[in-house]
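Novice: I have a structure here, written as structure tokens, and I will follow up with some questions on it.
The values are calculated or read from the model by the stated rules, or taken from the named source; none is laboratory data. All values derive from a computational prediction rather than experimental measurement. Positions of Cβ are backbone-derived with ideal geometry, glycine not excepted, and every protein chain shown enters the neighbour counts. The area values use the complete protein model at the heavy-atom level, side chains included, leaving out ligands, DNA and RNA. Shrake-Rupley method; radii C 1.70, N 1.55, O 1.52, S 1.80 Å.
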Amino acid sequence: MWSVSVSPSVFQGVQGMCVSVRPAACVRIQREMCVCPAGTVAGRGVEGVTPTRGGPAGRGGGRGLRRFEEIPHTGSSGWLNLVKFWREDRFKLLHKHMERTFNTLGPIYRERLGTQSTVNILLPSDISELFRSEGLHPRRMTLQPWATHRETRQHSKGVFLKNGAEWRADRLLLNREVMMAPAVRRFLPLLDEVARDFCRLLVTRVEKEGGEEERGHSLTFDPSPDLFRFALEASCHVLYGERIGLFSTSPSQESQKFIFAVERMLATTPPLLYLPPRLLWRLGAPLWTQHATAWDHIFSHAEKRIQRGVQRLRSTQAAGGGSGGTEGEFTGILGQLMDKGQLSLELIRANITELMAGGVDTTAVPLQFALYELGRNPAVQEQVRGQVRAAWARAGGDAHKALQGAPLLKGLVKETLRLYPVGITVQRYPVRDIIIQNYHIPAGTCVQACLYPLGRSRDVFQDPERFDPGRWGAQESGEGPGEGPGEGPGGGGFRSLAFGFGARQCVGRRIAENEMQLLLMHILLSFRLSVSSSEELSTKYTLILQPETPPCITFSTL
């Protein structure tokens, strides 16, 4: 899933075969606690949460528009809330905090933490209203520690950290190379090559290290380190047009350090979101030093790859070819951007580095969840495998045709991200005043759609506790404003937002979607998956949602 889709959340302001996720984890807008048409919030309170009660407001005999201040909230003092969050370690379980708060206060609430203030919403119909007001230059909360690093190191910013007309100009140029259908057709074979190699090596490992069974070999292990290496190898191949050898018996220390640096950068971001980064930079605070050092290593790793790519492409140009290589050859997104010449090399560096930093954890972690859910849902696994086998046979080895013939693969990714969204919110600042749940929300307010409780809400999904890739049929994309045969408020639209929406959706979306689908396809063609537990994975939030403990999975050769 790429970092462009990872939301900063409140830190700054995805019918057929299925089994059960713990029902207690599902959000249900409590009927005892609801926003009443007469303009009151009725119900009982809980510790640390303040239902705002009020009498009739506005026009229409008590049914008029209600003021912003009347939106239910979790406490009026941002600093007291922040202290409580730190003391009770709520940031680690922020997604669960949101779920509980929606259950208590209803489908909209305000939250203040330190200097940050957000309005949190849940229902697709409300999310639709928010996105209709995002304007020509959609804006979300800036991750200030990241921006400060760029400024203090005098690096250019990529589209993730830009806003306004400058963001739009750069984003439109990038879209042509990473989002459009012709671009996908160019880089899909590179992703497929990496996915095939990964699975071949995995088969060899299972046959060598695993126990022999009646139908083959079986090996139980934690695949997360391998998935991180896969994600980095795939990202480098697509971005730079070259393999970096992470599948060798002795992968480079440089690449291992890059993975560690990304993890350290993500882990140190949340604590810095409420503190003044520039002050910490001037003081040389250890937390800031760790964060900045991690980013420095990420930039250093990307810069080496970019310089090598630039030298290779210039040699090709000097020999009479274009940056894109010989006719019909795709040499990576870097080469495509250089060949077009519409972005400066400095801006290419900035955006390639952001894509690299966002292309590892945010793809590897959803793959962990997907493999685990397939393992604990054997009927679903067999259903998806059956479709994949048929599609693969018809496609004759063409990965693009195989994916088109196996829509359950896309449903599998969406269903995984419904239950385990990498970024747990998507924010926008409306450019005009809007009305949500009969409350007036002024232009410029940070409003965020909360994806974890959305994905588990019975008011949005039928049987949300079931893991069911089949719920995402052709008419049930859940990504846009259409009404379709919906499963709750807002019809079929705005229920699947893990990659964001509209002009500011994840810039690496097409890479991430195809990368995950291709790997899952080849794994299902090669292995039967199983797990020892039928329980849902415990999760934690550290800027991205991930397993509390990476799961062990049994891979059995077919």
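Novice: Among what's in region 194-226 and is among the small types (Gly, Ala, Ser) and out of contact with any Gly (no Cβ under 6 Å at 6 or more places or on another chain), pick the residue that is surrounded by the fewest Cβ atoms within 10 Å (Cβ to Cβ).
Specialist: First, pick out the residues of region 194-226 that are among the small types (Gly, Ala, Ser): 195, 210-211, 216, 218, 224.
Subset that is out of contact with any Gly (no Cβ under 6 Å at 6 or more places or on another chain): 195, 210-211, 216, 224.
Working: ALA195: 24, GLY210: 18, GLY211: 10, GLY216: 16, SER224: 20.
Only one residue fits best here, namely GLY211.
Novice: Checking the condition among the aliphatic types (A, V, I, L, M), open to solvent by 60 Å² or more (accessible area, probe 1.4 Å) and either closer than 27 Å to SER530 by Cβ or part of a helix (DSSP H, G or I) (or both), which residue from LEU190, LEU172, LEU246 passes?
Specialist: Working: LEU190 fails: open to solvent by 60 Å² or more (accessible area, probe 1.4 Å); LEU246 fails: open to solvent by 60 Å² or more (accessible area, probe 1.4 Å).
Sole residue among the options that is among the aliphatic types (A, V, I, L, M), open to solvent by 60 Å² or more (accessible area, probe 1.4 Å) and either closer than 27 Å to SER530 by Cβ or part of a helix (DSSP H, G or I) (or both): LEU172.
Novice: Checking HIS237 against (1) open to solvent by 60 Å² or more (accessible area, probe 1.4 Å); (2) out of contact with any Phe, Trp or Tyr (no Cβ under 8 Å at 6 or more places or on another chain); (3) part of a helix (DSSP H, G or I); (4) not polar (S, T, N, Q), which single condition isn't satisfied?
Specialist: All conditions are met except number (1).
Novice: Sort out which residues of region 365-397 are more than 27 Å from SER538 (Cβ to Cβ), modelled with pLDDT of 95 or more and open to solvent by 10 Å² or more (accessible area, probe 1.4 Å), and write them in order of number.
Specialist: Matches in region 365-397: GLY386, GLN387, ARG389, ALA390, TRP392, ALA393, ARG394, ALA395.
Novice: Hey, among ILE441, ILE424, ILE434, which residue is under 25 Å from the mean Cα position of the chain (by Cα) and either open to solvent by 20 Å² or more (accessible area, probe 1.4 Å) or of a type in the set (A, V, I, L, M) (or both)?
Specialist: So the residue among ILE441, ILE424, ILE434 that is under 25 Å from the mean Cα position of the chain (by Cα) and either open to solvent by 20 Å² or more (accessible area, probe 1.4 Å) or of a type in the set (A, V, I, L, M) (or both) is ILE424.
Novice: If you check ARG205 against the conditions, is it more than 22 Å from the chain's Cα centre (by Cα) and assigned to a helix (DSSP H, G or I)? Full working, then the answer.
Specialist: Details: more than 22 Å from the chain's Cα centre (by Cα): yes; assigned to a helix (DSSP H, G or I): yes.
In short, yes.
Novice: Of the conditions (1) modelled with pLDDT of 90 or more; (2) surrounded by 21 or more Cβ atoms within 10 Å (Cβ to Cβ); (3) more than 26 Å from the chain's Cα centre (by Cα), SER323 satisfies every one except a single condition; which number is it?
Specialist: Just one mismatch for SER323, condition (1).
Novice: Please go through region 537-549 and give me each residue that is touching a Phe, Trp or Tyr at 6+ places or on another chain (Cβ under 9 Å) and over 19 Å from TRP86 (Cα atoms), ordered by number. Walk me through how you get there before you give the answer.
Specialist: Start the filter on region 537-549 by keeping residues that are touching a Phe, Trp or Tyr at 6+ places or on another chain (Cβ under 9 Å), which leaves 537, 539, 541-543, 545-547.
If the condition is that a residue be touching a Phe, Trp or Tyr at 6+ places or on another chain (Cβ under 9 Å) and over 19 Å from TRP86 (Cα atoms), then LEU537, GLN546, PRO547 are the ones that fit.
Residues checked against (1) at pLDDT below 95; (2) under 22 Å from the mean Cα position of the chain (by Cα); (3) of a type in the set (A, V, I, L, M, F, W, C); (4) not in a loop (DSSP other than H, G, I, E, B):
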site: LEU80; (1), (2), (3), (4): yes, no, yes, yes
site: ARG110; (1), (2), (3), (4): no, no, no, yes
site: SER117; (1), (2), (3), (4): yes, no, no, yes
site: ASN120; (1), (2), (3), (4): no, yes, no, yes
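Novice: For region 89-106, indicate whether the set of residues that are in contact with a helix residue (DSSP H, G or I) (Cβ under 7 Å, 6 or more places away or on another chain), at pLDDT below 95, open to solvent by 10 Å² or more (accessible area, probe 1.4 Å) and not hydroxyl-bearing (Ser, Thr, Tyr) is non-empty.
Specialist: Scanning region 89-106 turns up at least one residue that is in contact with a helix residue (DSSP H, G or I) (Cβ under 7 Å, 6 or more places away or on another chain), at pLDDT below 95, open to solvent by 10 Å² or more (accessible area, probe 1.4 Å) and not hydroxyl-bearing (Ser, Thr, Tyr).
Novice: Still on this model: Out of the residues in region 249-277 meeting the condition of being surrounded by fewer than 16 Cβ atoms within 10 Å (Cβ to Cβ) and among the hydrophobic types (A, V, I, L, M, F, W, C), tell me which one is farthest from ARG186 (Cα to Cα).
Specialist: Here the answer is LEU275.
Novice: Counting only residues that are within 22 Å of PHE461 (Cα to Cα) and not basic (Lys, Arg), how many does region 89-141 have? Even if it seems obvious, please write down each step before you answer.
Specialist: Quick first cut of region 89-141, residues within 22 Å of PHE461 (Cα to Cα) only: 94-109, 120-131.
Still in the list and also not basic (Lys, Arg): 94-95, 97-99, 101-109, 120-131.
Result for region 89-141: 26.
Novice: How many residues does region 147-169 hold that are open to solvent by 10 Å² or more (accessible area, probe 1.4 Å) and assigned to a helix (DSSP H, G or I)? Give the steps one after another, and end with the answer.
Specialist: First, pick out the residues of region 147-169 that are open to solvent by 10 Å² or more (accessible area, probe 1.4 Å): 151-157, 160-166, 168-169.
Pick out the ones that are also assigned to a helix (DSSP H, G or I) and you get 151-153, 160-161, 164-166, 168-169.
Total meeting the criteria: 10.
Novice: Looking at (1) modelled with pLDDT under 95; (2) open to solvent by 10 Å² or more (accessible area, probe 1.4 Å); (3) over 22 Å from ILE441 (Cβ atoms); (4) not small (Gly, Ala, Ser), which one does PHE85 not meet, given that it meets all the others?
Specialist: (2)
Novice: Please find, among GLY484, GLY444, GLY470, the residue that is among the small types (Gly, Ala, Ser) and either modelled with pLDDT under 95 or in contact with a strand residue (DSSP E or B) (Cβ under 7 Å, 6 or more places away or on another chain) (or both).
Specialist: Working: GLY444 fails: either modelled with pLDDT under 95 or in contact with a strand residue (DSSP E or B) (Cβ under 7 Å, 6 or more places away or on another chain) (or both); GLY470 fails: either modelled with pLDDT under 95 or in contact with a strand residue (DSSP E or B) (Cβ under 7 Å, 6 or more places away or on another chain) (or both).
One residue alone meets the criteria, GLY484.
Novice: Looking at (1) open to solvent by 20 Å² or more (accessible area, probe 1.4 Å); (2) in contact with a Gly (Cβ under 7 Å, 6 or more places away or on another chain); (3) small (Gly, Ala, Ser), find the lone condition where SER128 falls short.
Specialist: (1)
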